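The values are calculated or read from the model by the stated rules, or taken from the named source; none is laboratory data. Keep in mind that this is a model prediction, so the values were computed, not measured. All Cβ positions, glycine included, derive from the backbone under ideal geometry; neighbour counts span all protein chains shown. Heads up: the accessible areas ignore ligands, DNA and RNA and are worked out on the full protein's heavy atoms, side chains in. Shrake-Rupley method; radii C 1.70, N 1.55, O 1.52, S 1.80 Å.
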Amino acid sequence: MIQRLMRVLGTGTLLLGTVGATVLPSHADPRAAAIPRCQPGELYIALVPHDGQGATGHLDVVFSVTSVAQASCYLYGYPGIQLINAGGQDIGTHLTWGGGFFFANRPKRYVVLATGKTAYFALGWTHLPTPGQSCPTTKYLLVTPPDGYTPVVVPATLQQVCGGAISASPITTSSAP
């Protein structure tokens, strides 16, 4: 398998089986090497405890995405996000992929996760309302893994998400926003 993977990815890419979360060059599609896409039931998604960042009315948080799959799988791109209030109702959500205040425009990359290994994504938003704008607080998020259709319920209290407008970074191997 390693030899086949080396042919697909090119030289200088000795990755799978020895390391956990691996970023592949954007042109190296792991599907060509028979690595399946991570399925929602194979992922544990959680808010990473940290102080977060805030500046000029902007806030961010980081989420971990840990594989509980029986074999390596991959993620590529951005998560889908739906904000949910304490009563379980949807909050009007306006998701933007990329362009967050703290995580700017990270490139999308294939991230291969071995069992038990973790990738990350960040969410950012503005917490200063414009006139007449509401700033709801979430209790949960529905997170749809990249290239997926089935969301995962994630407990996450995000304070003052003004207008329900939120930005997401692509999946990455770094927990830094």
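Per-structure values
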| quantity | calculated |
| --- | --- |
| Isotropically averaged projected area of segment 105-155, using the convex hull of Cα atoms (one quarter of hull area), nm² | 5.7 nm² |
| Heavy-atom accessible area per residue - segment 130-177, 1.4 Å, Å² | 45 Å² |
| Average projection area in nm² (convex hull over Cα atoms of segment 77-177, one quarter of hull surface) | 6.8 nm² |
| Whole-percent carbon and sulfur share, accessible surface of segment 120-177, 1.4 Å | 55 percent |
| Ordering of 164-173, 132-141, 88-97 by packing [mean C-beta count within 10 Å, highest first] | 164-173, 132-141, 88-97 |
